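Taking it in order: structure first as C-alpha cells, then the write-up.
The values are calculated or read from the model by the stated rules, or taken from the named source; none is laboratory data. Treat the numbers as computed from the prediction; the structure is a model and nothing was measured. All Cβ positions, even for glycine, are placed from backbone atoms using ideal geometry, and neighbour counts span all protein chains on display.
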Amino acid sequence: MTAYLEKLLSIAAFAAGFPAAASAAELSGPEIKALIGGEKVRLSTPFGIALPLEYRKDGVVLGDVSGFSAARMLAPSEKGRWWIAGNSLCQKWPTWYDGRQFCFKVTSLGGSKITWLRDDGASGTARIGP
C-alpha cells in the first residue's frame with residue numbers, strides 16, 4: 001500500500017474513535033461473524049466519508065477507497081481475507097497495510113453502530129449495512 005493511502009486509512013481509524021457507551025457490549029466471535037458476514041461495514045472518517053468494506057460470507061473482504069479523489073491514483077480497491085479468531089475479527093490484505101494481519105475487538109453500540117479496537121491500539125466506529 002502506498003504511504004499516502006496507509007496514512008489516510010490510519011487517520012480515519014484514529015480520528016473516528018470514541019469511548020464506548022456504558023450499555024455497549026463487546027461481541028463474541030460467533031456474534032461478530034453473524035453481524036458482519038454478508039454485510040457492508042462503513043468505517044467513519046473525519047472527512048465525512050464512510051469507507052466501505054464488504055465482508056462476504058465466504059471469507060473475502062472487499063475494500064474500496066475510490067471515494068477519495070487522491071486514492072484513485074493509488075490503490076483504490078483491494079480484495080483481502082477475513083476470519084474469526086477467538087473473539088476477534090481478523091483480516092489481511094495483499095498490499096494494504098503492507099500485507100500485515102490485524103485483529104479487532106468489536107463492540108456493539110446498539111442498532112447498526114459498532115466500535116472496533118485493533119490489536120495495535122487503533123480504534124474507530126462503523127455502521128453495518130447499506
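Say we look at the stretch 51-75 and pick out the residues that are crowded, with 18+ Cβ neighbours inside 10 Å and among the small types (Gly, Ala, Ser); which of these is modelled with the lowest pLDDT? Out of the qualifying residues, it is Ala71.
For the stretch 76-107, residues that are in a strand (DSSP E or B), of a type in the set (D, E, K, R) and over 18 Å from Arg56 (Cα atoms) total 1. Just so you know, in the stretch 108-124 the residues that are assigned to a strand (DSSP E or B) and surrounded by fewer than 20 Cβ atoms within 10 Å (Cβ to Cβ) include one that is modelled with the lowest pLDDT, and it is Ser123.
Considering only residues of the stretch 78-107 that are among the polar types (S, T, N, Q) and over 14 Å from the mean Cα position of the chain (by Cα), which is farthest from Asp64 (Cα to Cα)?
Going residue by residue through the stretch 78-107, those that are among the polar types (S, T, N, Q) are 87-88, 91, 95, 101, 107.
Cutting the leftovers down to over 14 Å from the mean Cα position of the chain (by Cα) gives us 87, 95.
On the way: Asn87: 26, Thr95: 13 Å.
Going through the qualifying residues, I end up with Asn87.
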